[in-house]
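Report on the structure given below.
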Amino acid sequence: MRALLEAPPEAPDGVTVHRSIAAIEPTLWDSLVDPDDLQSSHRFIGACEDSGVENAAYRHLLIRSKGAPVAVATLCRITVSLDLLAGPALRGLLSLPRRVHPRFLRVPVVFCGLPVSFGRPCLRIGSGADPAAVLDAVAREMESFADAERASVLCFKEFSDGEAAGMGALEAAGYVRAASLPACSLRLRWEHPSEYLGSLRAPYRRQILQARRTARERGHRIRLVEDFGEECDRIFALYEQVIDRARYRLERLNPSFFEKLNDGLGCRSRALLLECEGRLLASAVLLYGPRTVTFLLAGIDYELHREHAAYPNLVAAVVEEAIRVGAERLELGQTSYALKTRLGGVPDPRWIYVRSRNPLLHRMIRAASPALFPATRVASRRVFRSDR
């Protein structure tokens, strides 16, 4: 780690650290954040912090060079199981020592990122900045934060292939690069949902049409709600059903998160509700950027979802909504790959960088990295008639 912590010749000349995002002027923070990157925005970070997700502690960094802001980053500390992304075999093996020591491999971790698992980093570096120097500055603050919080593991999360191209300084400093769950996205090139449907190859189009027939027969209603504050209790109840069944779970959101998201992001967050005779069958919380719609959270009533084809109809409705508002891209999230790829979604790898401050634990993480962080293979599909 020494090479990374030594100040490089072109290191930023100042880092201000704040315990609350509210202490930073929103326009100053957002000046380094792309308008479509709502999950790095001042308002979204505020929703996470104010709602108390996972009782996380925070540090928000504003990094300057010659007095001008060149990078922003949010750090958080939560307790995590190191086998979070491991496969069933390793999890089964680790269940044995956990019978004796329930907190085995559960450690406090300082993340460069938020305490939510939506497949986006919370580190933004301006185009004129030196990435290695910024990473050095962030790593120093993570060390200091970890000292204060007695955290034994540091982790930068979750970077796309393009973003990871600038992270070489971390590997040079001893961080282990590991696979996280891939994201899934759909490039939108249609002006109307009917054009999208017509572009699908017959087997995939049939699946959507069959789900729609079920929706008509059951009397489904799709409702888009811009201010979903009054629906938060129902949306949260279905989210809990999903998170209770989740194979991978970094965090468990609370009702306050949904309320703060609705209040803080205004028209940038909306809810899509699938109902039948007044009962909520499925829900999607969406974020709206100028060019990108993000399918942030899903809720499913598992008692009825199969006979109603609730989730397939919900995700198809999300695609239609993104086309309707003229988005260029739809971010579909990190789960349910089989369904999302059948709708045309394409997997996009995500990477994390991990280092333990305990030398013995770090050697174990490096040696066991392929088992602790196995790459998730997502089958490619020829969904569209234009695919070759």
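The values are calculated or read from the model by the stated rules, or taken from the named source; none is laboratory data. All values derive from a computational prediction rather than experimental measurement. When we count neighbours, we look across all protein chains shown, and the Cβ atoms used for this are built from the backbone with ideal geometry, even at glycine.
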If Arg206 passes every condition in (1) within 30 Å of Phe373 (Cα to Cα); (2) loosely packed, with under 15 Cβ neighbours inside 10 Å but one, which one does it miss?
(1)
Could we say that Arg216 is surrounded by fewer than 16 Cβ atoms within 10 Å (Cβ to Cβ) and within 30 Å of Arg355 (Cβ to Cβ) here?
no
Is there a residue being outside the structural domain of Ala148 (by TED's automatic domain parsing), without any contact (Cβ under 8 Å) to a residue 40 or more places away in the chain and buried (at least 16 other Cβ atoms within 10 Å of the Cβ) anywhere in segment 338-354?
yes
Among the residues listed as Leu154, Leu62, the single one being in contact with a Pro (Cβ under 7 Å, 6 or more places away or on another chain), modelled with pLDDT of 95 or more and not in a helix (DSSP H, G or I)
Leu62
Going through segment 355-388 one residue at a time, which ones are hydrophobic (A, V, I, L, M, F, W, C) and not in a loop (DSSP other than H, G, I, E, B)?
Leu360, Leu361, Met364, Ile365, Ala367, Ala368, Ala371, Leu372, Phe384
Which is within 22 Å of Asp263 (Cα to Cα), assigned by TED's automatic domain parsing to the domain that holds Pro115 and modelled with pLDDT under 95, of Glu49, Glu54, Glu25?
Glu54
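Looking only at segment 271-302, which residues are in a strand (DSSP E or B), over 17 Å from the mean Cα position of the chain (by Cα) and of a type outside the set (A, V, I, L, M, F, W, C)?
Listed by number, the residues that qualify are Glu275, Arg279, Ser283.
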Here is a list of conditions, (1) assigned by TED's automatic domain parsing to the domain that holds Pro312; (2) within 30 Å of Ala132 (Cα to Cα), and Gly168 meets all of them except one; can you say which number that is?
(1)
In segment 246-255, which residue that is part of a loop (DSSP other than H, G, I, E, B) and modelled with pLDDT of 90 or more is surrounded by the most Cβ atoms within 10 Å (Cβ to Cβ)?
Leu253
Does Arg189 satisfy the criteria of being surrounded by fewer than 20 Cβ atoms within 10 Å (Cβ to Cβ), without any contact (Cβ under 8 Å) to a residue 40 or more places away in the chain and assigned to a loop (DSSP other than H, G, I, E, B)?
yes
Out of everything in segment 12-55 that is of a type in the set (Gly, Ala, Ser) and more than 18 Å from the chain's Cα centre (by Cα), what residue ends up being farthest from Leu297 (Cα to Cα)?
Gly14
Residue match in segment 77-84 (condition: at pLDDT 95 or above, under 24 Å from the mean Cα position of the chain (by Cα) and over 26 Å from Ala368 (Cβ atoms)):
no
Please determine, by comparing only the residues of segment 303-327 that are over 22 Å from Arg206 (Cα atoms) and either buried (at least 18 other Cβ atoms within 10 Å of the Cβ) or at pLDDT 95 or above (or both), which one is nearest to the chain's Cα centre (by Cα).
Ala327
Any pair with Cβ under 6 angstrom, 6 or more apart, that starts in segment 12-38 at a residue that is buried (at least 18 other Cβ atoms within 10 Å of the Cβ) and ends at one that is among the polar types (S, T, N, Q) and not in a helix (DSSP H, G or I):
Pro12/Ser65; Asp30/Ser41; Val33/Ser41; Asp36/Thr292
